[in-house]
Amino acid sequence: MIDTAELPVVDVHCHPFLNAGALTPEQFVDLASFPGGGVSYMAQAGLPVDEALIREIQTIRRNVVYMRYLVRQMARFLGCAPGLEEVVAARNRAVTDDYKDYVRRLFAACHLTALVADFGYPQPPLSMPAFQQDMPVPVVPIYRIEPLIVDLLKAELGWDEFRRRYDEAIAHALERDGYRGLKSIIAYRTGLDISPLSRTPDQGMQALDAIRRGTGGGAVKKLRDHLLCRALELCIEYNVPMQIHTGVGDYEINMPDCRPALLMELLRFPAFRACTVILVHAGYPYCAEAGYIAGMLPRVYCDVSEGIPFAGGGARRIYAEVLEMAPISKIVYGSDGLALPEIHYVSVLLGKQALAAALQELVDGDLLSPQEAHEAARLILADTARQLYGVSTN
Ligand SMILES: [Zn+2]
């Protein structure tokens with residue numbers, strides 16, 4: 001059996017979090033769950049937020065396979081009975097006793113050695129130094145472009161000034177503030193069907209003008225598409241990777257518009273081929289599409305976050321699908337962990353187990369030698385991400 005347990009891990013996509021302190025079992029389940037579909041979304045949908053609704057959502061969340069897995073794995077780590085109440089009581093003691101040491105022990109137990117963190121979520125952003133201080137491993141910060149776009153739209157700027165401030169904010173993030181790459185969640189906003197011809201500055205000017213005058217359907221999409229193209233150009237200029245969210249996400253995602261296949265025309269356009277792009281979430285559940293694009297385009301990679309850990313038993317299949325067409329050197333591990341360090345921890349456990357199973361299947365079929373499978377595991381769990389983000393940990 002391919003053994004991944006002791007291999008070092010770099011998490012190529014996760015989010016910062018601060019010490020949440022002692023939690024009730026309900027709060028723990030809320031924070032550890034896949035985001036979206038919770039009480040606030042139900043309230044937006046017009047459902048009365050009463051005790052009955054809260055109980056209903058809690059039951060739904062506790063019945064997700066991923067949550068059952070998380071509770072059992074945490075019970076093993078904490079040395080307590082495998083029940084939610086017992087796990088939360090034990091983790092509360094550890095967190096209250098010494099939070100930093102608790103995180104250190106979690107990460108050491110699964111050999112998690114570095115985090116590439118998208119500071120665009122949660123909003124308002126958490127303090128980068130505060131998060132870095134809590135973490136026992138290096139943190140590589142990533143800059144999300146959408147909050148910047150929202151801020152610039154609020155200011156009543158003409159196009160030249162809008163565009164100048166957009167470029168300047170990204171330059172400051174990369175040159176001065178320590179960010180080591182960009183990220184876009186345009187899939188959540190106006191979708192991934194983006195024409196590469198959107199790169200012309202005239203499109204940005206026209207779209208902003210239409211937005212200001214309140215005319216022209218689709219102007220916001222045209223503006224966002226243009227600004228994504230500009231971000232790709234800036235990534236090439238600064239030689240940093242661009243992370244693009246693909247596949248499903250929280251409650252608001254427009255599922256048909258988040259398929260990675262929609263990005264193919266943009267990413268193969270001559271002006272953007274030089275950009276290193278990571279298809280975040282490997283387009284889950286359209287993972288084979290993301291793997292195909294990573295196989296076709298020399299600088300495109302895919303990360304398996306979100307599906308791992310939140311799709312639970314789907315983890316092995318996610319690896320198996322991307323391994324169909326993506327080179328082993330173009331797949332990177334990620335968790336989309338947020339809110340609690342326990343998510344980052346169980347995601348590594350599940351990710352390692354699933355990767356071992358997927359690679360073993362290839363060895364059993366004589367598609368890879370055991371040696372090649374071991375090399376693939378090292379690349380996927382840490383080495384490729386280290387190279388992409390210049391992380392030099394062991
Ligand atoms: Zn994320």
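The values are calculated or read from the model by the stated rules, or taken from the named source; none is laboratory data. Because the structure is predicted, anything quoted here is derived from the model rather than measured. We place every Cβ from the backbone using ideal geometry, glycine too, and count neighbours over all the protein chains shown.
Points worth noting:
- Residue check for ARG93: free of Cβ contacts under 8 Å to residues at least 60 places away in the same chain, surrounded by 14 or more Cβ atoms within 10 Å (Cβ to Cβ) and either away from the ligand (no atom under 16 Å from the Cβ) or under 30 Å from GLY313 (Cα atoms) (or both): no
- Restricting segment 290-335 to residues that are of a type in the set (A, V, I, L, M) and within 16 Å of the ligand (Cβ to nearest atom), the residue that is farthest from ARG378 (Cα to Cα): ALA311
- Residue among LEU263, LEU279 that alone is away from the ligand (no atom under 16 Å from the Cβ), of a type outside the set (D, E, K, R) and buried (at least 22 other Cβ atoms within 10 Å of the Cβ): LEU263
- Options VAL65, VAL9, VAL88, VAL29: the member that is crowded, with 19+ Cβ neighbours inside 10 Å and touching a Gly at 6+ places or on another chain (Cβ under 8 Å): VAL9
- If the condition is being part of a loop (DSSP other than H, G, I, E, B), surrounded by fewer than 20 Cβ atoms within 10 Å (Cβ to Cβ) and in contact (Cβ under 8 Å) with a residue 40 or more places away in the chain, then segment 314-338 contributes only LEU338.
- Filter result (surrounded by fewer than 18 Cβ atoms within 10 Å (Cβ to Cβ) and of a type in the set (Gly, Ala, Ser)) within segment 341-394: ALA357, GLY365, SER369, GLY390, SER392
- The residues on offer are LEU350, LEU338, and the sole one that is more than 14 Å from the ligand (Cβ to nearest atom), of a type outside the set (S, T, N, Q) and under 25 Å from ALA20 (Cα atoms) is LEU350.
- Failed item, numbered, when PRO82 is tested on (1) in a loop (DSSP other than H, G, I, E, B); (2) within 16 Å of the ligand (Cβ to nearest atom); (3) touching a helix residue (DSSP H, G or I) at 6+ places or on another chain (Cβ under 9 Å): (2)
- Of the listed requirements (1) surrounded by fewer than 22 Cβ atoms within 10 Å (Cβ to Cβ); (2) more than 16 Å from the ligand (Cβ to nearest atom), LEU223 misses just one: (1).
- The set of residues in segment 239-252 being within 17 Å of LYS183 (Cα to Cα) and either aromatic (Phe, Trp, Tyr) or touching a strand residue (DSSP E or B) at 6+ places or on another chain (Cβ under 9 Å) (or both) consists of VAL240, PRO241, MET242, GLN243, ILE244, HIS245, THR246, GLY247, VAL248, GLY249.
- For ILE278, the conditions (1) touching a Cys at 6+ places or on another chain (Cβ under 9 Å); (2) over 16 Å from ALA187 (Cα atoms) are fulfilled apart from (2).
- Pick from segment 107-133, criterion among the polar types (S, T, N, Q) and more than 16 Å from the ligand (Cβ to nearest atom), ranking: surrounded by the most Cβ atoms within 10 Å (Cβ to Cβ): THR113
- Among (1) of a type outside the set (Lys, Arg); (2) crowded, with 20+ Cβ neighbours inside 10 Å; (3) part of a loop (DSSP other than H, G, I, E, B); (4) touching a helix residue (DSSP H, G or I) at 6+ places or on another chain (Cβ under 6 Å), the one test that GLY216 misses: (2)
Here is a yes/no grid of residues against (1) at pLDDT below 95; (2) under 18 Å from ILE308 (Cα atoms); (3) out of contact with any strand residue (DSSP E or B) (no Cβ under 9 Å at 6 or more places or on another chain); (4) of a type in the set (Phe, Trp, Tyr):
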residue	(1), (2), (3), (4)
GLU26	yes, no, yes, no
VAL71	no, yes, yes, no
ARG76	no, no, yes, no
ALA81	no, no, yes, no
